[in-house]
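This report concerns only the one structure given below.
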Amino acid sequence: MAHESTPDHHIFEMDLTADEARRRTEFFAAMEPDWDPVAAMAAEDEAYRMLYSGLDDHQQQVYERLVAAGVLPPDLGQGRASD
C-alpha cells in the first residue's frame, strides 16, 4: 500500500527496532547475575495458579467466561492455593 502525504495529512513512520534492542539490553543489564528466567517464569505461573484457585461458584463462572473470551489462559485455575 503506497502512502502519500497531502497538505492535510502527513505520513509519520518510526522504526522502534533500535529502541527495543536498547530496552532489552538495559533490562538484562539490570538483572542480578544469579537471575534465573526459567525459575522466575515458573514462580509467576504458580502465583497465577494460586490466584485463580479456590474460587466460589460465581468467581468460577466469571473465570470461565474470561477464559472463553481469550482474556485468560485456560490452565490458571487448576490447582488449589492450599496444595
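The values are calculated or read from the model by the stated rules, or taken from the named source; none is laboratory data. Bear in mind the structure is a predicted one, so any value in this text is a computation, not a measurement. All Cβ positions, even for glycine, are placed from backbone atoms using ideal geometry, and neighbour counts span all protein chains on display. Side chains included, ligands, DNA and RNA excluded: accessible areas come from the protein's heavy atoms. Shrake-Rupley method; radii C 1.70, N 1.55, O 1.52, S 1.80 Å.
The table that follows gives values for the structure above.
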item	result
Residues of region 44-59 satisfying the condition of being open to solvent by less than 60 Å² (accessible area, probe 1.4 Å) and either touching a helix residue (DSSP H, G or I) at 6+ places or on another chain (Cβ under 8 Å) or part of a helix (DSSP H, G or I) (or both)	Ala47, Tyr52, Leu55
Condition check for Ala29: free of Cβ contacts under 8 Å to residues at least 12 places away in the same chain, exposed (fewer than 10 other Cβ atoms within 10 Å of the Cβ), aliphatic (A, V, I, L, M) and part of a helix (DSSP H, G or I)	yes
